[in-house]
Amino acid sequence: NAGVTQTPKFQVLKTGQSMTLQCAQDMNHEYMSWYRQDPGMGLRLIHYSVGAGITDQGEVPNGYNVSRSTTEDFPLRLLSAAPSQTSVYFCASSWFRGDSPLHFGNGTRLTVT
Amino acid sequence: GNSVTQMEGPVTLSEEAFLTINCTYTATGYPSLFWYVQYPGEGLQLLLKATKADDKGSNKGFEATYRKETTSFHLEKGSVQVSDSAVYFCALRTNAGGTSYGKLTFGQGTILTVHP
(Lines give C-alpha, C1' and ligand atoms only; values in the text may rest on other atoms or scores of the structure.)
Protein backbone atom coordinates (compact mmCIF):
# COMPACT_ATOMS: atom_id res chain seq x y z
CA ASN A 1 0.00 0.00 0.00
CA ALA A 2 1.33 3.43 -0.93
CA GLY A 3 -0.35 5.36 1.89
CA VAL A 4 0.38 9.10 1.53
CA THR A 5 2.65 10.04 -1.37
CA GLN A 6 4.29 13.45 -1.67
CA THR A 7 6.21 14.84 -4.61
CA PRO A 8 8.78 16.22 -5.08
CA LYS A 9 11.10 15.20 -2.22
CA PHE A 10 13.33 18.24 -2.68
CA GLN A 11 12.82 21.60 -4.40
CA VAL A 12 14.78 24.81 -4.72
CA LEU A 13 12.94 27.97 -5.78
CA LYS A 14 13.93 31.55 -6.34
CA THR A 15 12.01 34.29 -4.55
CA GLY A 16 8.81 35.10 -6.43
CA GLN A 17 8.49 31.78 -8.24
CA SER A 18 5.39 29.66 -7.82
CA MET A 19 5.05 25.93 -7.52
CA THR A 20 2.70 23.14 -6.45
CA LEU A 21 3.51 20.44 -3.92
CA GLN A 22 1.59 17.28 -4.72
CA CYS A 23 -0.07 14.97 -2.20
CA ALA A 24 -2.07 11.82 -2.89
CA GLN A 25 -3.50 9.16 -0.59
CA ASP A 26 -5.02 5.78 -1.42
CA MET A 27 -6.86 5.08 1.85
CA ASN A 28 -10.10 6.90 0.94
CA HIS A 29 -9.60 9.25 3.91
CA GLU A 30 -11.96 12.22 4.17
CA TYR A 31 -9.51 14.42 6.07
CA MET A 32 -6.30 15.75 4.53
CA SER A 33 -3.96 18.41 5.80
CA TRP A 34 -0.69 20.22 5.17
CA TYR A 35 1.88 21.02 7.86
CA ARG A 36 5.17 22.80 7.80
CA GLN A 37 7.99 21.81 10.14
CA ASP A 38 10.62 24.34 11.16
CA PRO A 39 13.41 23.93 13.73
CA GLY A 40 12.17 24.78 17.22
CA MET A 41 8.61 25.38 15.97
CA GLY A 42 7.23 21.87 15.85
CA LEU A 43 4.54 21.27 13.23
CA ARG A 44 2.17 24.03 12.20
CA LEU A 45 -1.05 23.46 10.29
CA ILE A 46 -1.28 25.36 6.99
CA HIS A 47 -4.58 24.20 5.43
CA TYR A 48 -6.87 21.25 5.81
CA SER A 49 -9.83 19.62 4.08
CA VAL A 50 -12.67 17.46 5.40
CA GLY A 51 -13.79 16.25 1.99
CA ALA A 52 -13.77 16.96 -1.73
CA GLY A 53 -14.68 20.60 -2.37
CA ILE A 54 -14.21 21.64 1.29
CA THR A 55 -11.06 23.36 2.53
CA ASP A 56 -10.21 25.64 5.45
CA GLN A 57 -7.28 27.56 6.88
CA GLY A 58 -5.00 26.39 9.65
CA GLU A 59 -2.58 28.41 11.78
CA VAL A 60 -0.27 29.69 9.04
CA PRO A 61 -2.21 29.91 5.73
CA ASN A 62 -0.74 33.11 4.28
CA GLY A 63 1.10 32.61 1.00
CA TYR A 64 -0.45 29.19 0.34
CA ASN A 65 -3.51 27.99 -1.55
CA VAL A 66 -5.16 24.58 -1.62
CA SER A 67 -7.99 22.86 -3.44
CA ARG A 68 -9.61 19.43 -3.11
CA SER A 69 -11.27 18.31 -6.30
CA THR A 70 -11.02 14.58 -5.49
CA THR A 71 -10.86 12.51 -2.30
CA GLU A 72 -7.36 11.30 -3.20
CA ASP A 73 -5.49 14.54 -4.01
CA PHE A 74 -4.73 17.66 -2.00
CA PRO A 75 -2.14 19.89 -3.70
CA LEU A 76 -0.52 22.85 -1.95
CA ARG A 77 0.30 25.89 -4.07
CA LEU A 78 2.90 28.51 -3.25
CA LEU A 79 1.80 31.62 -5.09
CA SER A 80 4.98 33.72 -4.86
CA ALA A 81 7.72 32.00 -2.90
CA ALA A 82 9.52 33.85 -0.12
CA PRO A 83 12.61 32.83 1.92
CA SER A 84 10.34 32.55 4.99
CA GLN A 85 8.68 29.59 3.27
CA THR A 86 11.89 27.56 3.40
CA SER A 87 10.77 24.55 5.40
CA VAL A 88 9.89 20.88 5.31
CA TYR A 89 6.28 20.30 4.27
CA PHE A 90 4.24 17.28 5.29
CA CYS A 91 0.92 16.10 3.96
CA ALA A 92 -1.21 13.90 6.21
CA SER A 93 -4.58 12.16 5.96
CA SER A 94 -7.01 10.35 8.24
CA TRP A 95 -10.61 9.49 8.86
CA PHE A 96 -12.43 12.55 10.16
CA ARG A 97 -12.84 11.21 13.70
CA GLY A 98 -11.24 12.31 16.93
CA ASP A 99 -9.67 8.89 17.59
CA SER A 100 -8.20 8.50 14.11
CA PRO A 101 -4.42 9.02 13.82
CA LEU A 102 -2.93 10.99 10.95
CA HIS A 103 -0.93 9.14 8.31
CA PHE A 104 2.00 11.23 7.09
CA GLY A 105 3.88 11.40 3.82
CA ASN A 106 7.68 11.52 3.80
CA GLY A 107 7.83 15.25 3.27
CA THR A 108 9.06 17.81 0.76
CA ARG A 109 12.15 19.83 1.67
CA LEU A 110 11.76 23.28 0.11
CA THR A 111 14.47 25.93 -0.08
CA VAL A 112 13.68 29.44 -1.30
CA THR A 113 16.68 31.57 -2.19
CA GLY B 1 -7.87 26.30 22.76
CA ASN B 2 -6.10 22.97 22.80
CA SER B 3 -2.42 22.72 23.65
CA VAL B 4 0.26 20.10 24.29
CA THR B 5 3.39 20.65 26.36
CA GLN B 6 6.34 18.26 26.14
CA MET B 7 9.47 18.17 28.22
CA GLU B 8 12.25 20.08 26.59
CA GLY B 9 15.10 18.14 25.08
CA PRO B 10 17.36 17.01 23.87
CA VAL B 11 17.46 13.84 25.92
CA THR B 12 20.65 11.78 25.82
CA LEU B 13 20.75 8.27 27.27
CA SER B 14 22.97 5.23 27.26
CA GLU B 15 21.70 2.01 25.74
CA GLU B 16 19.45 0.00 28.10
CA ALA B 17 18.58 3.08 30.20
CA PHE B 18 15.01 3.89 31.23
CA LEU B 19 13.22 6.55 29.21
CA THR B 20 10.50 8.98 30.25
CA ILE B 21 9.31 11.85 28.08
CA ASN B 22 6.71 13.96 29.82
CA CYS B 23 3.62 15.24 28.05
CA THR B 24 0.73 17.27 29.47
CA TYR B 25 -2.24 18.74 27.67
CA THR B 26 -5.18 21.09 27.84
CA ALA B 27 -8.24 20.42 25.71
CA THR B 28 -11.95 20.91 25.45
CA GLY B 29 -14.01 17.76 25.56
CA TYR B 30 -12.43 14.31 25.68
CA PRO B 31 -9.42 14.14 23.41
CA SER B 32 -7.64 11.13 21.99
CA LEU B 33 -3.89 11.18 22.67
CA PHE B 34 -1.06 10.06 20.41
CA TRP B 35 2.69 9.64 20.36
CA TYR B 36 4.43 9.96 17.02
CA VAL B 37 8.06 9.20 16.18
CA GLN B 38 10.13 10.82 13.43
CA TYR B 39 13.36 9.22 12.29
CA PRO B 40 15.90 11.38 10.44
CA GLY B 41 14.77 12.35 6.95
CA GLU B 42 11.37 10.70 7.32
CA GLY B 43 7.79 11.65 8.04
CA LEU B 44 6.02 11.09 11.34
CA GLN B 45 4.86 7.59 12.22
CA LEU B 46 2.25 6.71 14.79
CA LEU B 47 3.91 5.04 17.76
CA LEU B 48 0.90 4.50 20.03
CA LYS B 49 -2.43 6.00 20.99
CA ALA B 50 -5.06 6.05 23.73
CA THR B 51 -8.63 7.18 23.24
CA LYS B 52 -10.08 7.38 26.75
CA ALA B 53 -9.07 7.88 30.36
CA ASP B 54 -6.94 5.10 31.90
CA ASP B 55 -6.26 3.51 28.50
CA LYS B 56 -2.68 2.36 28.01
CA GLY B 57 -1.18 2.52 24.54
CA SER B 58 1.84 0.35 23.79
CA ASN B 59 4.06 -0.52 20.85
CA LYS B 60 7.69 -1.64 20.34
CA GLY B 61 8.33 -1.60 24.10
CA PHE B 62 7.01 1.96 24.53
CA GLU B 63 4.03 2.65 26.76
CA ALA B 64 1.90 5.64 27.73
CA THR B 65 -1.17 5.86 29.98
CA TYR B 66 -3.97 8.40 29.49
CA ARG B 67 -4.28 10.16 32.88
CA LYS B 68 -7.31 12.46 32.89
CA GLU B 69 -6.83 13.59 36.49
CA THR B 70 -3.34 14.93 35.75
CA THR B 71 -3.99 15.66 32.03
CA SER B 72 -0.86 13.73 31.15
CA PHE B 73 0.31 11.10 28.65
CA HIS B 74 3.96 10.41 29.51
CA LEU B 75 5.96 8.12 27.21
CA GLU B 76 8.09 5.40 28.83
CA LYS B 77 10.38 2.60 27.75
CA GLY B 78 12.21 0.29 30.09
CA SER B 79 15.37 -0.24 28.04
CA VAL B 80 16.19 2.01 25.10
CA GLN B 81 18.26 1.01 22.09
CA VAL B 82 20.42 3.04 19.73
CA SER B 83 17.75 2.50 17.09
CA ASP B 84 15.26 4.47 19.26
CA SER B 85 17.17 7.69 18.52
CA ALA B 86 14.58 9.96 16.92
CA VAL B 87 12.26 12.90 17.59
CA TYR B 88 9.12 12.09 19.60
CA PHE B 89 5.93 14.14 19.36
CA CYS B 90 2.96 14.07 21.72
CA ALA B 91 -0.34 15.07 20.12
CA LEU B 92 -4.05 15.27 20.81
CA ARG B 93 -7.19 15.24 18.70
CA THR B 94 -10.67 16.11 19.87
CA ASN B 95 -14.21 15.50 18.78
CA ALA B 96 -15.36 18.60 20.62
CA GLY B 97 -17.18 21.24 18.65
CA GLY B 98 -15.84 24.59 17.59
CA THR B 99 -12.76 25.50 15.60
CA SER B 100 -10.61 22.73 17.11
CA TYR B 101 -12.82 19.94 15.78
CA GLY B 102 -10.82 17.19 14.15
CA LYS B 103 -7.51 19.07 14.18
CA LEU B 104 -4.39 17.45 15.56
CA THR B 105 -2.45 19.58 18.06
CA PHE B 106 1.24 18.72 18.47
CA GLY B 107 3.80 19.33 21.16
CA GLN B 108 7.14 20.80 20.18
CA GLY B 109 8.90 17.45 19.94
CA THR B 110 11.68 15.91 22.03
CA ILE B 111 14.95 14.81 20.46
CA LEU B 112 16.20 11.52 21.89
CA THR B 113 19.76 10.33 21.32
CA VAL B 114 20.82 6.91 22.60
CA HIS B 115 24.54 6.12 22.80
CA PRO B 116 25.98 2.56 22.73
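The values are calculated or read from the model by the stated rules, or taken from the named source; none is laboratory data. Everything quoted here is computed from the prediction, not taken from an experiment. With ideal geometry, Cβ positions are generated from the backbone for all residues, glycine too; neighbour counts draw on all protein chains shown.
A few remarks follow.
- The one condition from (1) surrounded by 13 or more Cβ atoms within 10 Å (Cβ to Cβ); (2) more than 10 Å from the chain's Cα centre (by Cα); (3) more than 14 Å from chain B (Cβ to nearest Cβ) that A:Pro8 does not meet is (1).
- Residue in region A:94-110 that is modelled with pLDDT of 95 or more, in contact with a Lys or Arg (Cβ under 6 Å, 6 or more places away or on another chain) and under 27 Å from B:Gly1 (Cβ atoms) present: no
- A single entry from B:Ala50, B:Ala91 fulfils the requirement of being surrounded by 20 or more Cβ atoms within 10 Å (Cβ to Cβ) and within 20 Å of A:Leu43 (Cα to Cα): B:Ala91.
- When restricted to residues that are closer than 28 Å to A:Asp38 by Cβ and not in a loop (DSSP other than H, G, I, E, B), region B:58-92 contains 16.
- Restricting the first member to region A:9-22 and to residues that are over 19 Å from A:Tyr35 (Cβ atoms), and the second to residues that are of a type in the set (Ser, Thr, Tyr) and part of a loop (DSSP other than H, G, I, E, B), the beta-carbon pairs closer than 6 Å and six or more apart or on different chains are A:Lys14/A:Thr113; A:Gly16/A:Ser80.
- Per-region count, region B:1-27, residues in a loop (DSSP other than H, G, I, E, B) and in contact with a Gly (Cβ under 7 Å, 6 or more places away or on another chain): 1
- Count of residues meeting criterion [free of Cβ contacts under 8 Å to residues at least 40 places away in the same chain and within 14 Å of chain A (Cβ to nearest Cβ)] in region B:36-63: 14
- Taken together, B:Glu8, B:Glu15, B:Glu76 contain a single residue that is under 13 Å from the mean Cα position of the chain (by Cα) and modelled with pLDDT of 95 or more, which is B:Glu76.
- Among the residues of region B:31-41, the ones that are assigned to a loop (DSSP other than H, G, I, E, B) and surrounded by 14 or more Cβ atoms within 10 Å (Cβ to Cβ) come to 1 in all.
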